[in-house]
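What follows is calculated from the coordinates using simple rules that are stated; it is not laboratory data. Keep in mind the model is a prediction, meaning the values are calculated, not measured. Virtual Cβ from ideal backbone geometry, glycine too; neighbours counted across all protein chains shown.
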Amino acid sequence: MLRAIKIVTLSVSDLTEAEGAYAEWLGYVRTARGRIDSELANGWGTPHIEGSPYAMLRSPAGTEVMLRLIERPITPGFAPLRTYGWNANEILVLDPGGLEKRLRAPGSPFEVIGASAPLDSNPSIIAMQAIGPNRELNYFTRIPPEGGTFIKQAARTFVDRTFIMVVGGPSMPALREFYGQQLGMTVTDPFVSRVSVLNEALSLPADHRIPLALVPLSSSFVLELDEYPAGTSPRPCRDGDLPPGIAMVSFLAERLDERLPWRAMPRKIAGTPYSGRRAGVIVGPAGERIELIEGSDLKGSA
């Protein structure tokens, strides 16, 4: 059902500051600005966000994946890697070490929490991690020109696009059942892996490992499913509002199954980047909000 990641939505406390951070430090470019209308707010089951200002951004490489910033009040009690839901936005980059140096410079709104280093599972892939200005976690990863096991496309610019989204929840069987059975995706068998930034956030031993599984969407996109350890909890969220941090991820879907647990039945959306296509929102087993946009292709340009 899921074909591609199309929009990563962040809740931000100050839209101008958040947009400036991604523009100045990562090179992202605005493609649209406006306010959330009642059609989107009610379709998402979040009536309180009607009228909230938003901006759509893209990387300098193109528009196939958008970053949507929506201004919302700060949610008390939210901290990265301590709650269930969408927990990391993994972005293709050419030089993680060079980007790390840039983000460590005075005045940077990004907090580097993981130095650039080769992955244990594949030393040809290098990644670093940084917390964004609204406590969103970003992984910045270099895929070699020949590609990796699942992802075949390397970055085209210094900072490119999202290619992996990470969801953390309390139960691997529940995550695998939802994405495998309800959404009809292929899900790998779980394996255990060390996630250093998670261990540090939860004060766990450095060699602690958690179960992971992968959901390949294509040669360009993958979802990572993480079973989070004790010490994590549901994400705080006001009724009728979006969650803090990475609030929602939108996917291109080949069909919209009416039997899914929609917050409101899918409807045609006129604005950018929907272009009159049907879209609707469901909530996964970790509380992650998933927007499905119907169609075989969707351009993100404004």
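Points worth noting:
- Scanning the stretch 38-47 for residues that are outside any loop (DSSP other than H, G, I, E, B) and either polar (S, T, N, Q) or in contact with a Cys (Cβ under 6 Å, 6 or more places away or on another chain) (or both) yields Ser38, Asn42.
A quick yes/no check of all residues on (1) among the acidic types (Asp, Glu); (2) within 29 Å of Asp160 (Cβ to Cβ); (3) part of a strand (DSSP E or B):
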site: Gly240; (1), (2), (3): no, no, no
site: Ile246; (1), (2), (3): no, yes, yes
site: Val249; (1), (2), (3): no, yes, yes
site: Pro273; (1), (2), (3): no, yes, no
site: Gly280; (1), (2), (3): no, yes, yes
